[in-house]
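Trainee: Take this structure, written in structure tokens, and hold onto it; I'll ask about it next.
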Amino acid sequence: MSQSLTAGDLTIHRIIEQETTFLPALDLLPGLTPERLAENRPWMQDARAIDPQDVLILCFQSYVVKTPHHTILVDSCIGNDKPRPLRPKWNMKTDNTYMRGLATAGLSVDDIDFVMCTHLHVDHVGWNTRLENGRWVPTFPNARYVFGKDEFEYWTAQNATAEVPPFVDSVLPVVEAKRAEIVRSDYEIGDHVRILPTPGHTPGHTAFAFGRGKDAAVFAGDLMHSPLQARYPELSAKFDVDQAQAAATRRNFLARYCDTDTLCCTAHFPSPSSGKIRRWGDGFSCVAVAS
């Protein structure tokens, strides 16, 4: 599936690999109480963000951004042929959904100039590589892959202690193929792409701001997984390495873009996944912008 948006002089394509139930809300968000969940259940159901059993519905997707100069893929989703035994819906996938999404957007793997990863978790690096004759090779042969230095070093250290499969099959082969750029937070691509450090979910997690002279669109990665975390920024996901830092980072990010024209493109909110940040009580809402 593919859906398109515009922001300033950017054209943004959503390449959806899966949109499905993930984990119960009370499991993914340890700080969420049954009472608060009940209070917010009606609007969450209206937004198709939760199912009747209170399981969160998440979208797993990439964004392809066409600037006047480059075609840039943000986060490469789940991937095929990857051993992910803890996630049956991801394990050894062989479907063509992702590639069909690219084709529907009028794109091929050869068209991508840069692949930028907000962080190096399993569902954000999967299509970095594809299986070819028993070897993992870069999926996007003409692209430079941009990995944040802090994030790359964190996972290098983790992998040295115990093998991290997505790092081994979806990141290191890109480095070995000499397609990787390990960059600091002052890295930019032309006059359109900037890095915004957003640590907490992982130590080196980053958001990406796009636009000439202003942030026309920002890509939030796993800064938040569910609209509940915009409404209540203090709700951190159980996967956040530093939950307190993640909460502070999330509130600062939402306050920064609140009541601006910046399009916030989330990694996992249900479709349409993107919107404008607006105040909602002591929290925020990502007011949906459809394609």
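The values are calculated or read from the model by the stated rules, or taken from the named source; none is laboratory data. These numbers were taken from a predicted model, which means no experiment stands behind them. Reconstructed Cβ throughout: ideal geometry from the backbone, glycine too, with neighbour counts over all protein chains shown. Heads up: the accessible areas ignore ligands, DNA and RNA and are worked out on the full protein's heavy atoms, side chains in. Shrake-Rupley method; radii C 1.70, N 1.55, O 1.52, S 1.80 Å.
Trainee: Which pairs do you get when a residue that is hydroxyl-bearing (S, T, Y), found in segment 11-22, comes within reach of a residue that is open to solvent by 50 Å² or more (accessible area, probe 1.4 Å) and not in a strand (DSSP E or B), reach meaning Cβ atoms under 7 angstrom, with the pair 6+ apart or on two chains?
Mentor: T20/K89
Here is a yes/no grid of residues against (1) in contact with a Ser or Thr (Cβ under 7 Å, 6 or more places away or on another chain); (2) surrounded by fewer than 16 Cβ atoms within 10 Å (Cβ to Cβ); (3) at pLDDT 95 or above; (4) more than 23 Å from D9 (Cα to Cα):
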{"site": "A47", "(1), (2), (3), (4)": "no, no, yes, yes"}
{"site": "G79", "(1), (2), (3), (4)": "yes, no, yes, yes"}
{"site": "K89", "(1), (2), (3), (4)": "yes, yes, yes, yes"}
{"site": "L102", "(1), (2), (3), (4)": "yes, no, yes, no"}
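Trainee: A further question on this structure: Among the residues of segment 219-231, are any modelled with pLDDT of 95 or more, over 20 Å from P24 (Cα atoms) and open to solvent by 20 Å² or more (accessible area, probe 1.4 Å)? Steps first, please.
Mentor: Of segment 219-231, the ones modelled with pLDDT of 95 or more are 219-231.
Next cut, over 20 Å from P24 (Cα atoms) only: 219-221.
Filter once more, keeping what is open to solvent by 20 Å² or more (accessible area, probe 1.4 Å): none.
No, segment 219-231 has no match at all.
Trainee: Taking the residues in segment 123-157 that are among the aliphatic types (A, V, I, L, M) and over 21 Å from N80 (Cβ atoms) as candidates, determine which candidate is most open to solvent (accessible area, probe 1.4 Å).
Mentor: A157
Trainee: If I go through segment 191-218 residue by residue, how many of them are touching a Ser or Thr at 6+ places or on another chain (Cβ under 7 Å), open to solvent by 20 Å² or more (accessible area, probe 1.4 Å) and farther than 16 Å from F152 by Cβ?
Mentor: 2
Trainee: Filter segment 177-190 for residues that are open to solvent by less than 60 Å² (accessible area, probe 1.4 Å) and without any contact (Cβ under 8 Å) to a residue 40 or more places away in the chain and give the result.
Mentor: Hits for segment 177-190 are A180, V183.
Trainee: Do we find that F114 is over 23 Å from D240 (Cβ atoms) and open to solvent by less than 10 Å² (accessible area, probe 1.4 Å) in this structure?
Mentor: In short, no.
Per-residue answers, yes or no, for (1) outside any helix (DSSP H, G or I); (2) more than 20 Å from the chain's Cα centre (by Cα); (3) farther than 18 Å from F60 by Cβ; (4) without any contact (Cβ under 8 Å) to a residue 40 or more places away in the chain:
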{"site": "V115", "(1), (2), (3), (4)": "yes, no, no, no"}
{"site": "H119", "(1), (2), (3), (4)": "yes, no, no, no"}
{"site": "W127", "(1), (2), (3), (4)": "no, no, no, no"}
{"site": "F147", "(1), (2), (3), (4)": "yes, no, yes, yes"}
{"site": "D150", "(1), (2), (3), (4)": "no, no, yes, no"}
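Trainee: Could you tell me which of the residues R194, R212 is farther than 22 Å from N252 by Cα and basic (K, R)?
Mentor: Exactly one residue qualifies, and that residue is R212.
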